[in-house]
Amino acid sequence: MESTRQNDLERLLDHVLDFAHKTLSNHGEFYPFGAVVRTDGELRYVAGYSGSETPPSQQVIDLIVAGTREGARTKEIRAVGICYDARVRPPDSEPTDAIAVALEHVEGEPALALMPYKKVGTEIEYSELTIEPGERRVFV
């Protein structure tokens, strides 16, 4: 099961990071979004819509969590990655923006992937991806 879990989480992470990179390059920002691995292995994007054109990011994250939690409850999904823009303080460094990806799988512990970045002119410079323990919010 571990190889399926690892494969699912790596696919999710690659998928959402790719979209976040493209969106940052094209627009300089992005709203929270996510992706799920369905029980049949299909990977799909997910989003939350509050009815507002500019909702607070936490509201969008909460909507995505609620929707994916229902998919977990009904066993329609086996993994989820929720991507959002965050502020982090790397060791021995100043606070910086980061792409954050909260990863969960039906099996195993959740993880939080962080990729700090900074805008330099019209370019985005990324720092090394780190993984730390995450918070279980979907597969509860």
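The values are calculated or read from the model by the stated rules, or taken from the named source; none is laboratory data. The model shown is predicted, which means the values in this text are computed figures rather than measured ones. Neighbour counts run over all protein chains shown; Cβ positions are idealised from the backbone, glycine included.
Structure notes:
- Positions within segment 99-122 being more than 22 Å from residue 4 (Cβ to Cβ) and free of Cβ contacts under 8 Å to residues at least 24 places away in the same chain, in sequence order: 100, 118, 120, 121, 122
- Segment 16-73 - residue that is among the hydroxyl-bearing types (Ser, Thr, Tyr) and in a loop (DSSP other than H, G, I, E, B) and, of those, surrounded by the fewest Cβ atoms within 10 Å (Cβ to Cβ): 54
- Filter result for the condition that a residue is of a type outside the set (A, V, I, L, M) and either modelled with pLDDT under 95 or within 24 Å of residue 22 (Cβ to Cβ) (or both), over 38, 69: 38
- Residues that are within 15 Å of residue 137 (Cα to Cα) and of a type in the set (Phe, Trp, Tyr) within segment 85-120 are absent altogether.
- If the condition is being closer than 19 Å to residue 112 by Cβ and in contact with a Ser or Thr (Cβ under 7 Å, 6 or more places away or on another chain), then segment 40-59 contributes only 46.
- Yes/no for residue 6 being in a helix (DSSP H, G or I), on the phi < 0 side of the Ramachandran plot and in contact with a Ser or Thr (Cβ under 6 Å, 6 or more places away or on another chain): no
- Restricting segment 87-140 to residues that are in a loop (DSSP other than H, G, I, E, B) and of a type in the set (Asp, Glu) leaves a set whose member that is surrounded by the fewest Cβ atoms within 10 Å (Cβ to Cβ) is 92.
- First in segment 25-54 and in contact (Cβ under 8 Å) with a residue 24 or more places away in the chain, second anywhere and surrounded by 12 or more Cβ atoms within 10 Å (Cβ to Cβ) and in a loop (DSSP other than H, G, I, E, B), Cβ under 6 Å, 6 or more apart: 33/47
- Identity of the residue in segment 18-48, over 14 Å from the mean Cα position of the chain (by Cα) and of a type in the set (S, T, N, Q), that ends up nearest to residue 138 (Cα to Cα): 39
- Any pair with Cβ under 7 angstrom, 6 or more apart, that starts in segment 81-94 at a residue that is free of Cβ contacts under 8 Å to residues at least 24 places away in the same chain and ends at one that is β-branched (Val, Ile, Thr): none
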